[in-house]
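Student: One structure, pasted below without further comment.
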Amino acid sequence: MKTSTKTDLYRKLPSVDELSRSPELDALRAREGQTSVTDAARAVLERLRTEISAGRLDANGVDLALSGLAAAIERQLRQALGFSLRSVINATGVILHTNLGRAPLNADALQHIRATALGYCNLEFDIAAGERGKRDVHVDRLFRRLLDTGQTIATVVVNNNAAAVLLGLNSLAEGGEVIVSRGELVEIGGSFRIPDVMAKSGAILREVGTTNRTRISDYERAISDKTRLLLRVHRSNFQITGFTEQPSLADLVKLGHRRGIPVMEDLGSGALFDLRSVGVSGEPGVTDSIAAGVDVVSYSGDKLLGGPQAGILSGKKETIARIRSNPLFRALRVDKLTYAALEATLLAYVRQDHDSIPVVRMMRTTQAEIASRAEELVQKLHGPKLKTETLDGESVVGGGAAPGATLPTRLIAISIQGLTTDELAAGLRESEPPVISRIEEGRVLLDLRTVFPEQEPALIATLHDLGG
């Protein structure tokens with residue numbers, strides 16, 4: 001029997017035009033249009049040519065693929081015309097998972113976004129006065145209540161914390177020097193580094209001290225007539241331990257005020273609740289910075305605060321006024337949907353309804369509560385190939401927040417006969433919805449701390465599908 005050559009296999013494939021106009025695809029063309037069907041047919045045929053070229057398809061394989069072309073084109077269309085941004089089940093135990101969108105929003109935020117987005121809103125309209133207003137007012141009033149330390153505090157919002165740092169440095173120190181400790185020249189997500197952000201701001205970096213030890217006298221000696229700002233950068237995504245020294249924020253503020261130089265702190269991830277209540281120590285909150293007397297503090301909206309992506313600058317009224325008057329502020333400001341989500345999140349804090357904020361609720365969930373959920377879930381799992389085990393473990397805050405802090409949890413270790421660890425993790429990712437697990441010591445682990453209770457049925461169904 002003659003073996004088919006690659007040329008013979010290519011000849012079995014129909015042309016794009018022939019395939020896209022075939023009667024089998026009449027309903028699909030009517031629903032999605034000729035252009036979309038043609039594009040999908042082209043993509044499916046190109047994949048088959050690639051498989052033939054790589055030697056992965058023989059004559060029987062090509063015949064089988066040809067019999068399922070209509071279904072393959074429909075799948076291709078669903079993928080091409082469907083949403084790329086999808087909801088996933090985060091079973092990693094990383095609460096602020098940067099790759100998974102960081103903080104989930106609370107229900108009130110979603111409702112407020114919907115109400116604001118479906119029609120018009122008073123984003124920059126003063127309803128009482130009947131004239132143009134400022135978009136800041138919707139959240140500034142709430143920040144004043146939450147950050148009240150006896151000072152007159154104002155706040156502006158931009159699109160992320162890197163933008164907040166850029167805007168603060170440009171507004172307060174463009175053309176002048178900014179003094180910062182060498183131990184605080186951090187790299188944040190996506191390979192962006194504080195010195196790079198500073199360079200773009202037009203400010204000049206003046207490093208003082210060493211990586212592990214910086215004293216208040218180092219700052220004082222570095223002050224000159226070119227100094228415009230003293231900057232403290234919180235080490236939010238790493239720790240330096242051992243032989244270390246760092247002046248207190250209060251001492252830095254005292255020096256700045258004595259020399260007439262403003263002090264800015266970049267918290268990175270700013271909390272509006274006492275982290276010690278969830279067992280996380282050594283991570284300053286926004287009110288700590290304000291109480292210490294800084295002129296301005298920058299922090300993220302979608303980290304420990306638990307709201308939408310945003311960069312927030314809070315501080316003394318006159319300092320924030322300088323920042324707000326910068327033309328760069330308009331380029332970096334946020335839209336109505338961010339304000340809607342942020343306003344709803346802040347109102348939850350004002351009402352002391354912390355458990356309505358998913359990030360806070362996840363951090364406050366005890367190991368015993370997670371263990372109870374894990375045992376109940378395991379009891380619902382069955383299948384000849386599926387094996388489970390529960391064990392103690394640790395969750396992390398993530399998102400560059402509280403790098404040394406862990407939260408005790410109870411993990412579910414999953415194994416399925418016939419699947420390697422990597423194959424099981426891939427199978428979970430390819431499910432609908434995708435399940436993102438973690439792999440430690442050759443085992444696939446699920447941490448229910450970051451799985452919403454309403455997602456558990458889908459998680460169970462996925463495990464049953466994979467486990468037979």
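Student: Would you check which residues across the range 352-378 are part of a helix (DSSP H, G or I), more than 16 Å from Gly279 (Cβ to Cβ) and not acidic (Asp, Glu) and list them?
Tutor: The answer is Ser356, Pro358, Ala371, Ser372, Arg373, Ala374, Leu377, Val378.
Student: Listed residues Ala331, Ala348, Ala341; which is part of a helix (DSSP H, G or I) and in contact with a Pro (Cβ under 6 Å, 6 or more places away or on another chain)?
Tutor: Values: Ala331 fails: in contact with a Pro (Cβ under 6 Å, 6 or more places away or on another chain); Ala348 fails: in contact with a Pro (Cβ under 6 Å, 6 or more places away or on another chain).
So the residue among Ala331, Ala348, Ala341 that is part of a helix (DSSP H, G or I) and in contact with a Pro (Cβ under 6 Å, 6 or more places away or on another chain) is Ala341.
Student: Going by the conditions given, is Asn60 under 30 Å from Ile460 (Cα atoms) and polar (S, T, N, Q)? Break it down stepwise before answering.
Tutor: Details: under 30 Å from Ile460 (Cα atoms): no; polar (S, T, N, Q): yes.
No.
Student: Report the residue count in the range 412-439 for those that are free of Cβ contacts under 8 Å to residues at least 24 places away in the same chain, hydrophobic (A, V, I, L, M, F, W, C) and over 19 Å from Pro457 (Cα atoms).
Tutor: Count: 2.
Student: Return the total of residues in the range 130-165 being in contact (Cβ under 8 Å) with a residue 40 or more places away in the chain, part of a helix (DSSP H, G or I) and either aliphatic (A, V, I, L, M) or not assigned by TED's automatic domain parsing to the domain that holds Ile323 (or both).
Tutor: Narrowing the range 130-165 to residues in contact (Cβ under 8 Å) with a residue 40 or more places away in the chain: 135-136, 138-139, 142-143, 145-147, 149, 151-165.
Checking which are part of a helix (DSSP H, G or I) leaves us with 138-139, 142-143, 145-146, 161-165.
Next, only the ones that are either aliphatic (A, V, I, L, M) or not assigned by TED's automatic domain parsing to the domain that holds Ile323 (or both) stay: 139, 142, 146, 162-165.
Number of matching residues: 7.
Student: If I ask for residues that are hydrophobic (A, V, I, L, M, F, W, C), more than 19 Å from the chain's Cα centre (by Cα) and either part of a helix (DSSP H, G or I) or under 21 Å from Val94 (Cβ atoms) (or both), which ones from the range 282-314 would you list?
Tutor: Val286, Ile290, Ala291, Ala292, listed by residue number.
Student: While we're here: Tally the residues that are farther than 21 Å from Ile290 by Cβ, of a type in the set (D, E, K, R) and within 20 Å of the chain's Cα centre (by Cα), restricting the search to the range 315-354.
Tutor: 3
Student: Would you be able to say whether some residue in the range 55-67 is under 30 Å from Lys303 (Cβ atoms), without any contact (Cβ under 8 Å) to a residue 60 or more places away in the chain and either polar (S, T, N, Q) or surrounded by fewer than 16 Cβ atoms within 10 Å (Cβ to Cβ) (or both)?
Tutor: We begin by selecting, within the range 55-67, every residue under 30 Å from Lys303 (Cβ atoms); these are none.
No: zero hits.
Student: If you don't mind, another one. Restricting attention to the range 368-381, does a residue exist that is touching a Pro at 6+ places or on another chain (Cβ under 8 Å) and among the small types (Gly, Ala, Ser)?
Tutor: No - not one qualifying residue is present in the range 368-381.
Student: Identify all residues within the range 339-352 that are farther than 13 Å from Leu305 by Cα and touching a helix residue (DSSP H, G or I) at 6+ places or on another chain (Cβ under 9 Å); write none if there are none.
Tutor: So the first thing to find is which residues in the range 339-352 are farther than 13 Å from Leu305 by Cα, and the list is 339-340, 351-352.
Answer for the range 339-352, where residues must be farther than 13 Å from Leu305 by Cα and touching a helix residue (DSSP H, G or I) at 6+ places or on another chain (Cβ under 9 Å): Tyr339, Ala340.
Student: Identify all residues within the range 10-48 that are assigned to a loop (DSSP other than H, G, I, E, B) and either buried (at least 17 other Cβ atoms within 10 Å of the Cβ) or more than 41 Å from the chain's Cα centre (by Cα) (or both); write none if there are none.
Tutor: Hits for the range 10-48 are Leu13, Pro14, Ser15, Arg21, Ser22.
Student: Among the candidates Val435, Val360, single out the residue that is in contact with a Leu (Cβ under 7 Å, 6 or more places away or on another chain) and surrounded by 13 or more Cβ atoms within 10 Å (Cβ to Cβ).
Tutor: Just one listed residue meets the conditions, Val435.
Student: Kindly check whether there is at least one residue in the range 222-241 that is assigned to a helix (DSSP H, G or I), surrounded by fewer than 20 Cβ atoms within 10 Å (Cβ to Cβ) and at pLDDT 75 or above.
Tutor: Yes, the range 222-241 contains a residue that is assigned to a helix (DSSP H, G or I), surrounded by fewer than 20 Cβ atoms within 10 Å (Cβ to Cβ) and at pLDDT 75 or above.
Student: Would you check which residues across the range 68-96 are buried (at least 20 other Cβ atoms within 10 Å of the Cβ) and either at positive phi or touching a residue at least 60 places away in the same chain (Cβ under 8 Å) (or both) and list them?
Tutor: Ile89, Asn90, Ala91, Thr92, Gly93, Val94, Ile95, Leu96
Student: Among the residues of the range 426-451 satisfying the criterion of being part of a strand (DSSP E or B), of a type in the set (D, E, K, R) and under 19 Å from the mean Cα position of the chain (by Cα), which is farthest from Met362 (Cα to Cα)?
Tutor: Here the residue is Arg438.
Student: Also: For Asp63, are the conditions met, namely being over 30 Å from Gly311 (Cβ atoms), acidic (Asp, Glu) and in contact with a Lys or Arg (Cβ under 8 Å, 6 or more places away or on another chain)? Show your work before the answer.
Tutor: Values: over 30 Å from Gly311 (Cβ atoms): yes; acidic (Asp, Glu): yes; in contact with a Lys or Arg (Cβ under 8 Å, 6 or more places away or on another chain): yes.
The answer is yes for Asp63.
Student: Oh, and also: Out of (1) in contact with a Phe, Trp or Tyr (Cβ under 9 Å, 6 or more places away or on another chain); (2) surrounded by fewer than 19 Cβ atoms within 10 Å (Cβ to Cβ); (3) not assigned by TED's automatic domain parsing to the domain that holds Ser300, the odd one out for Ile52 is which?
Tutor: Looking at each condition in turn, Ile52 falls short on (2).
Student: Please go through the range 362-379 and give me each residue that is farther than 21 Å from Val397 by Cα and β-branched (Val, Ile, Thr), ordered by number.
Tutor: Once the filter is applied, which keeps residues that are farther than 21 Å from Val397 by Cα and β-branched (Val, Ile, Thr), the range 362-379 yields only Val378.
Student: When the range 452-468 is examined, which residues are found to be part of a helix (DSSP H, G or I), under 19 Å from Ile416 (Cα atoms) and touching a residue at least 24 places away in the same chain (Cβ under 8 Å)?
Tutor: Just the residues of the range 452-468 that are part of a helix (DSSP H, G or I), to begin with: 453-467.
Those left that are additionally under 19 Å from Ile416 (Cα atoms): 456-467.
Within the range 452-468, Glu456, Ala458, Leu459, Ile460, Thr462, Leu463, His464, Asp465, Leu466, Gly467 meet the criteria.
Student: Here is a list of conditions, (1) buried (at least 18 other Cβ atoms within 10 Å of the Cβ); (2) at pLDDT below 85; (3) among the polar types (S, T, N, Q), and Thr214 meets all of them except one; can you say which number that is?
Tutor: (2)
The values are calculated or read from the model by the stated rules, or taken from the named source; none is laboratory data. From a predicted model like this one, the values you see are computed outputs, not experimental measurements. Neighbour counts run over all protein chains shown; Cβ positions are idealised from the backbone, glycine included.
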